[in-house]
Amino acid sequence: MATPSPAVVVGVDGSPPAAEAARAAAREAGGRGLPLRLVRAFHWPTGDVAGLPAAYDACAASRRSAHADLERMRTGLADLLPASAVTTELVDGRPGSVLCRAAGAEDLLVVGASGLTWGAGDLLGSVAEAVAVTVGCPVLVHRSPSPLGPRRSGVVVGVDGSAGSAAVLATAATEAQLRGEPLRVVHAWRQLSEDAVQRLRWRLDEATSTSAETAAVEPLVVGLRSRRPALPVALDVAKGRAGQVLVQATATATLLVVGRRDVTAGGPGATVHSVLHRVGVPVLVVPVPSPVGPGLPERAAVAATGSREG
């Protein structure tokens, strides 16, 4: 059986945030030279629906309405992609399950940060959060920055120096080049002793810790610069919780890229949860399997979360 060609897949539900996500997905597809698939889940309760006449086929009418909405969305993207590059799919099932099945490992899945389910404005919707931490392909959680905010430029990526960071860094570099923007590599670190109660708190030498943390990620950045000399790359090693540091780092950025651990290796972690809920720009979540076993160094067990701390 032939392997499906890579595509950009976007989940839509008829809401304004989904329409914005569809346009963002169309731009991503155009920049990558990939087709775009508009996927909408259709879930209808079993049995009669209270308040509807028995003779009225509400399910069929709702399905026709969803089909029509998909077609309107497809034609509305004509200024970004040719019609032949956009397909639509109406799939029976709940949104989270449908999107998890719709995207293959080589695809890019795009979802709006909020939609018809819980989530509105700056809040993260339940479907977006579920697929971002579950799907086996990169997931772009689209959120439109406020037009009244600062002028934005640059892609930010969080790394921790592990082998998983290399994959996340490569993805972020590609995103920066596609956008024609510089890349800022951020590594956050925090001494575990700082979470102790005051009378038990002890501190390591901060300069020594900073030097060691820089040495953990600098070789990755040096290697990236040699492979992509045309890409401006800056390295920022900051003390603090990764989630807080990355939120601050994206104050004027256009995109944040983070890695997440595989669910079987302990889940996405606090950092991914923090940025999905608090960052005001699109977030690209890159799945990185984290091998966890006896004697495995701590860095390898927390691949690409941006820090050893949430």
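The values are calculated or read from the model by the stated rules, or taken from the named source; none is laboratory data. What you see is a predicted model; the values in this text were computed from it and never measured. Ideal geometry is used to build each Cβ from the backbone, glycine not excepted, and the neighbour counts take in all protein chains shown.
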(message) Of everything in the stretch 68-95, what is in contact with a Ser or Thr (Cβ under 8 Å, 6 or more places away or on another chain) and under 16 Å from D13 (Cα atoms)? Give them in sequence order.
(response) L70, E71, M73, R74, P95
(message) Restricting to the stretch 252-268, name every residue that is modelled with pLDDT of 90 or more and part of a strand (DSSP E or B).
(response) L255, L256, V257, V258, G259
(message) Just checking: which of the helices (runs of 4 or more DSSP H) contained wholly in the stretch 49-132 hold 1 or more residues that are over 25 Å from V283 (Cβ atoms) and at pLDDT below 95?
(response) 58-76
(request) Give the residue that is nearest to W44 (Cα to Cα), with candidates limited to residues of the stretch 81-90 that are surrounded by fewer than 17 Cβ atoms within 10 Å (Cβ to Cβ) and among the hydrophobic types (A, V, I, L, M, F, W, C). (result) L90
(request) Scan the stretch 3-43 for residues that are more than 13 Å from G104 (Cα to Cα) and part of a loop (DSSP other than H, G, I, E, B) and jot them down. (result) V12, D13, G14, S15, G33, L34, P35, H43
